[in-house]
Amino acid sequence: MSWGTELWVLKQVVYLSYITRNLEDQFDSLDKHTQWGIDFLERYAKFVKERIEIEQNYAKQLRNLVKKYCPKRSSKDEEPRFTSCIAFFNILNELNDYAGQREVVAEEMAHRVYGELMRYAHDLKTERKMHLQEGRKAQQYLDMCWKQMDNSKKKFERECREAEKAQQSYERLDNDTNATKADVEKAKQQLNLRTHMADENKNEYAAQLQNFNGEQHKHFYVVIPQIYKQLQEMDERRTIKLSECYRGFADSERKVIPIISKCLEGMILAAKSVDERRDSQMVVDSFKSGFEPPGDFPFEDYSQHIYRTISDGTISASKQEIGKVDAKTTVGKAKGKLWLFGKKPKGPALEDFSHLPPEQRRKKLQQRIDELNRELQKESDQKEALNKMKDVYEKNPQMGDPGSLQPKLAETMNNIDRLRMEIHKNEAWLSEVEGKTGGRGDRRHSSDINHLVTQGRESPEGSYTDDANQEVRGPPQQHGHHSEFDDEFEDDDPLPAIGHCKAIYPFDGHNEGTLAMKEGEVLYIIEEDKGDGWTRARRQNGEEGYVPTSYIDVTLEKNSKGS
């Protein structure tokens, strides 16, 4: 089926004016139809554009929703640990991925559908304009040929009438006896002239008519059908393009369906990962205090004074007073432990976490020790790398100056010393919480130490106090100053030396409880390293303190000389 043959069937039409009018009507109809097709194409492109905006706004709103409900964590302590919280945040992550897929849909539609439609609409307008211009030019050319043929026809008709008049005039003069011979001869010449001009116009009219008939046949059977066919092909391509865009519109979303399904499956897996027993155990671990339940309150017998006699009055009074003192002591200790179930003491957080219950304090200290150990390992690795680089520079001076590494090496050594002291300090507090010996005074190997230290440490105001059962009872003694590294006691005799050491590296010993030393200095060993990286040493002048074990070369002796 072709527009060029089906839309133009006028074999029975006779009048040219009607033919031309019918042709123009058909041409205008096709003009309107092709314009409607382009308008429909642009309307669908506008629909796709609005759909793209909806997808983009939807994805943006989803991302804002995820951002709104995501945790704003300032420290690791605030990270969610409960399975229900972790599942919710996993759902938020999946929803964020889902929003990303909606953005992919929008981008695919914008590139594959909307952009293609706009480019094709521009090309379609250009092609349609060209075909319509060709049709109008063909019609204008046919109209020009018809006008030329019509003018030659009219001129031939006019010359024929003039020749007929000249014929009548000649016959009238020829039959008139009064007419002169000159008049007759003049009328005959005029007749011959008009007859000749009529013959010429006849030939011209015949030629113009033949030309017009040929152009008309070409116009109606070749040119116009070809233009109509091109318009038909253009319109069919527009329809095919719409069909492709319809499929692309659906494929843009169908491509992301597998990924969206994975996002939804991730949400389902997150929901299945919720474990109520694990959450309950986390609650126990988070709020476990480590306190022992309070003991029974003693019975206070206020009726003893009624039945006391003169003979046992003193003893009864003593027993009553003792009972009252013990009761108050017990109540005081019970109150000191019951703060967890009421209001916590107000006050700033302490460095040793002594403001926390024992179990929570132990966990915090252990976390800090782990972090410090990781930092110490990094510094140690950096020190090893600097030493290797220094050796390379010393062997190959052209590669660098070994002295340029000394400031960085000294800084690394100071960081290692600081971290080791921090680890030692926190391990002492951890040992205190776990019921182990916190100070270094109990590590002494002297057999004549008469002073015993308590396993707990004095708690700051507002913190809990260690239980009385954890204390080591001993004879009365003076309380020494509790430093970060050791409980110093005023011993009667100094500790004996168990060996000697030589300093490999210099140590400044700025912190309390440490002993400064120079490279190559020889010191006495009075207490070896217990696994914390520190060794207790003494100078010949009697000054004692702790030095880093990695900074010295230790030689232990069975029978070593004391100070």
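The values are calculated or read from the model by the stated rules, or taken from the named source; none is laboratory data. Since the model is a prediction, treat every value here as computed from it, not as a measurement. For neighbour counting, all protein chains shown are included, and Cβ atoms are generated from backbone atoms with ideal geometry for every residue, glycine included. In case anyone asks, the SASA skips ligands and DNA or RNA and just uses the protein heavy atoms, side chains included. Shrake-Rupley method; radii C 1.70, N 1.55, O 1.52, S 1.80 Å.
What are the ³J(HN,Hα) values, in whole Hz, obtained from phi via the Karplus relation 6.51 cos²θ - 1.76 cosθ + 1.60 with θ = phi - 60°, for each residue of the stretch 38-51 in sequence order, with x given for Gly and Pro?
With coefficients 6.51, -1.76 and 1.60, one gets 5, 4, 5, 4, 5, 5, 5, 4, 5, 4, 5, 4, 5, 5 Hz.
Sort largest first and round to whole Å: the equivalent ellipsoid semi-axes of the stretch 170-242, each the square root of five times a Cα gyration tensor eigenvalue.
Semi-axis lengths for the stretch 170-242 are 62, 8, 6 Å.
What does the stretch 32-143 give for Rg and for Dmax, in Å, if only its C-alpha atoms count?
Radius of gyration, then largest Cα-Cα span, for the stretch 32-143: 25.5, 92 Å.
With +1 on each Lys and Arg Cβ and -1 on each Asp and Glu Cβ, and nothing else charged, work out how big the dipole of the stretch 496-551 is about its Cα centre, in Debye to the nearest 20.
Here the stretch 496-551 has a charge dipole of around 160 debye.
Report, by chain and number, residues whose modeled amide H sits under 5 Å from the one on Glu521, excluding near sequence neighbours (fewer than 5 apart, same chain).
Close amide H contacts, sequence-distant or interchain: Ala503.
In what sequence, highest mean first, do 39-52, 385-398 appear when ranked by Cβ atoms within 10 angstrom?
Sorting 39-52, 385-398 by mean packing, highest first, produces 39-52, 385-398.
By the scheme Lys and Arg +1, Asp and Glu -1, what is the net charge of all other residues having a beta-carbon under 14 Å from that of Glu116?
+1
With every protein chain left in place, what is the accessible area of Tyr221 in Å² (1.4 Å probe, nearest 10)?
140 Å²
If Lys and Arg each add +1 and Asp and Glu each add -1, what is the summed charge of the other residues whose beta carbon sits under 13 Å from the beta carbon of Ser280?
0
What does the highest-first list of 174-180, 263-269 look like by mean Cβ count within 10 Å?
Put in order of decreasing packing, that is 263-269, 174-180.
How much solvent-accessible surface does Glu200 expose, in Å² to the nearest 10, with a 1.4 Å probe and all protein chains in place?
100 Å²
Short version: ³J(HN,Hα) in whole Hz for each residue of the stretch 94-104, in order, from phi by Karplus 6.51 cos²θ - 1.76 cosθ + 1.60 (θ = phi - 60°), x for Gly and Pro, what are they?
Going residue by residue, I get 5, 5, 5, 5, 4, 4, x, 5, 5, 5, 5 Hz, with x marking Gly and Pro.
Evaluate the Debye formula for the stretch 78-126 with equal point scatterers sitting on the alpha carbons, no solvent, and hand back log10 of I(q)/I(0) at q = 0.26 Å⁻¹, in q order, two decimals.
For the stretch 78-126 at q = 0.26 Å⁻¹, log10 I(q)/I(0) is -0.88.
May I ask you to rank His424, His122 by accessible area, largest first, using a 1.4 Å probe over the protein chains only?
Per-residue accessible area, sorted high to low, gives His122, His424.
Please give me the summed charge of the neighbours of Ala503: other residues whose Cβ is under 10 Å from its Cβ, Lys and Arg +1, Asp and Glu -1.
My count for the surroundings of Ala503 gives -1.
On a 22 Å Cα-Cα criterion, which of the cross-link pairs Lys288/Lys364; Lys32/Lys147; Lys165/Lys188; Lys67/Lys363 come out too long?
Lys32/Lys147; Lys67/Lys363
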